[in-house]
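The values are calculated or read from the model by the stated rules, or taken from the named source; none is laboratory data. The structure presented is a predicted model; accordingly, all values stated were derived computationally and were not measured. Cβ atoms come from the backbone with ideal geometry, glycine included; neighbour counts cover every protein chain shown. Just the protein is used for accessible areas: all its heavy atoms, side chains included, with ligands, DNA and RNA removed. Shrake-Rupley method; radii C 1.70, N 1.55, O 1.52, S 1.80 Å.
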Amino acid sequence: MKKKIIPAIIIILAALLVLFRFLNREETEVTYESRPTVTIEQPSQGDITLYTEVIGTIEPTSKADVIPKMSGEVLEVNFQAGDHVEAGQVLCRIDSDALTSLKLNMDAAQVTLAESQRNLSRLQTLYAAGAISQQELEQVQDGTESARIAYEAAKNQYDLQVEYTTVTAPISGTVESRNIEVHDFASNGAPICTIASDGQFQVEFGVTDKTHENISTGDTVTLEKGSAAYDAQITEIGSMINAATGLYDVKAVLSEEADLTTGSKVKLSVIREQALNTMIIPLTAVNYDGGTPYVYCYQDGTAVRTEIEEGINDEDWMQVLSGLNKDSQVITSWSNELVDGAEVLIKEAGETE
């Protein structure tokens, strides 16, 4: 009996000892850090450039409308639309009734001059013999000089009109259009064709007010046609809005030879807005309250809400016009515990959340 009681007592004592220790043990309190860990960054100086896409039209850098300098019937035409012509090449010939009148005037002036010259020769002989006075000789000499001037004027006028009957190409290039046929009446006020010059192309396009404020002559724009891309330099910027398009007209000359055709459409990337060497911060740091932008800045262990004046922004950066300085410590990470006055910890390099 004793042998059975002793083990039972031992078990009871052990159980009591365990219970005593459990009831009297010191509880260890675990403390967790509640302050959010943030990353900070000072504002930097940088550039932000925003582009807009527009459609432009390819044109030759120069073209010439060929207009006859005299009217008349077209006798021959030596070109077709699409032909390449050289400067000075004969394009067509014109016949004019005015030439007949000019030829008669020239012939009459030539007869008058010849008669005056014969009369002068006769009087010079008489003057040498003392038969006439010097005054009479000088009168005939003056008349002969007047006849010579009249003849030369008539001849020049006739030769000039003869030259005008032959119409030549003023520049080398490709004939874009042909507006005459043989036996048509050519007018000295209407072009017979248009020639696009050889060499460089230019692109013509329109821009809005905002883009107009941010581009200058000499700026480079990029144009695309299919898979090909080319650079062009702005050479002309209109100062008035085109009433037909509501845009400002702009021209840019391609800086290299291009496999393009006159009249083809291309896509251009043009600067819409630009801020150079300006204060910028990461776009992810910016929050909005009722449309007002603000950031949190780190000051003495707390997050301080700071309103800013924003400028332009791209996908990564925002321009700051006011509200920050170069020494501001902008909190660039996000936390749902980040509020004005909240205590925060700075995340050290290499530290994980």
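General remarks:
- Exposure rule at most 14 other beta-carbon atoms within 10 Å, DSSP loop chymotrypsin sites (Phe, Trp or Tyr not before Pro): the chain longest free segment: 33-333
- Think of the range 131-194 as a dipole: +1 on every Lys or Arg Cβ, -1 on every Asp or Glu Cβ, centred on the Cα centre; then among Ala131, Ile192, Tyr158, Ile192 lies furthest on the positive end.
- Backbone amide hydrogens, once placed in the peptide plane, bring Ile312 within less than 5 Å of Gln319, excluding anything fewer than 5 places away on its chain.
- Here the chain is assigned +1 on the Cβ of each Lys and Arg and -1 on the Cβ of each Asp and Glu. Its dipole about the Cα centre then comes out at about 1260 debye.
- With at most 11 other Cβ atoms within 10 Å, longest stretch of the chain clear of loop trypsin sites (Lys or Arg not before Pro) (DSSP): 26-325
- Comparing mean-square fluctuations of Ile58, Ile312, Ile195 from a GNM of the chain with C-alpha springs under 10 Å, the top value falls on Ile312.
- Distance between modelled label sites at Asp184 and Asn336, nm, 7 Å Cα→Cβ extension: 7.9
- Relative contact order, percent, the chain [alpha-carbon distance under 8 Å, six or more residues apart]: 27
- Selection from Ala87, Ile67, Tyr51 lying farthest towards where the dipole of the chain points positive, charges on Cβ: Tyr51
- Largest mean-square fluctuation among Ala153, Ala186, Ala252, in a Gaussian network model of the chain whose springs join Cα atoms under 10 Å apart, belongs to Ala153.
- Taking Cα centre as origin and charging only the Cβ of basic (Lys, Arg, +1) and acidic (Asp, Glu, -1) residues, the dipole magnitude of the range 126-281 rounds to 520 debye.
- Cross-link pairs Lys63/Lys103; Lys225/Lys251; Lys63/Lys225; Lys63/Lys155; Lys326/Lys347; Lys267/Lys326 - those with Cα-Cα distance over 28 Å: Lys63/Lys103; Lys63/Lys155; Lys267/Lys326
- Of the DSSP H helices in the chain, those whose Cα atoms cover at least 15 Å axially and whose Kyte score averages 0.0 or more: 2-24
- Positive end of the dipole of the chain (Cβ unit charges, origin at the Cα centre): among Leu283, Ala169, Ser227, the Cα lying farthest that way belongs to Leu283.
- Exposure of Glu236 as accessible area (Å², to 10), given a probe of 1.4 Å and all protein chains: 100
- Within the same chain, aspartates and glutamates fewer than 8 places from Lys265 are excluded, and of the rest, those with a Cα less than 14 Å from its Cα are Glu53, Glu59, Glu204, Glu224.
- Normalised by the number of residues in the range 221-353, the mean separation of alpha-carbon contacts (under 8 Å, six or more apart) gives a relative contact order of 18 percent.
- When you restrict to C-alpha pairs under 8 Å that are six or more residues apart and normalise by the size of the range 52-119, the relative contact order lands at 28 percent.
- Rolling a 1.4 Å probe over the protein heavy atoms of the chain, with every protein chain left in place, gives an accessible area that is 50 percent carbon and sulfur.
- Accessible surface area normalised per residue over the chain is 62 Å², counting heavy atoms of protein chains with a 1.4 Å rolling probe.
- Cα centre as origin, Lys/Arg/Asp/Glu Cβ charges: the range 186-245 dipole, Debye: 160
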